[in-house]
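Read through the structure below, which is laid out as structure tokens, and then see the notes.
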Amino acid sequence: QVQVVESGGGLVQAGGSLRLSCAASGSILRIVDMAWYRQAPGKQRQLVALITGGGSTLYVDSVKGRFSISRDNAKNTVYLQMNSLKPEDTAVYYCNADYGAQGTYWGRGTQVTVSS
């Protein structure tokens, strides 16, 4: 059974940095895309950043230039380096592992809180 586990959230002051990690395990199949989403209170879950198996990346406009997504295919792990954090980045951050036709899997989320 596939498990997706996030880590690295926490409380940080505005302007600070955090690094999130996410590891997927339990399948021998190749992960196509890995992504980070976030959901703030009262808002819908939104895509933050995505990275393909080939290393192409995509970011939501609000984090461009501040966040960086990377992955280690050998470890089925994805990272999100978050710099220059703002209070509006406060949310629960979720990792998504897309195995293509075999399905997509979510982690339980990690809280990121940015104080002003």
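Annotations
- Considering all different alpha carbon pairs of the chain, the Kirkwood hydrodynamic radius works out to 14.1 Å.
- Solvent-accessible area, 1.4 Å probe, carbon plus sulfur percent, for the chain: 48
- Principal axis dimensions, largest first and in whole angstrom, of region 53-93 by Cα: 34, 18, 14
- Whole-number percent relative contact order across the chain, with pairs defined as alpha carbons under 8 Å at least 6 apart: 37
- Accessible area (Å², per residue) of region 24-83, counting only protein heavy atoms and a probe of 1.4 Å: 55
- Length gained on full extension, L11 to S25, computed as 0.36 nm times the residue gap minus the Cα-Cα distance: 2.3 nm.
- Cross-link reach list, aspartates and glutamates versus K75, counting only Cα pairs under 16 Å and skipping chain neighbours closer than eight places: E6, D33, D98
- P(r) for region 28-75, from all Cα pairs and a bin width of 10 Å, is 24, 47, 24, 4 %, short bins first.
The values are calculated or read from the model by the stated rules, or taken from the named source; none is laboratory data. This one's a predicted model, so the numbers in the text were calculated from it and none came from an experiment. Accessible surface is based on the protein model in full, side chains and every heavy atom, while ligands, DNA and RNA are left aside. Shrake-Rupley method; radii C 1.70, N 1.55, O 1.52, S 1.80 Å.
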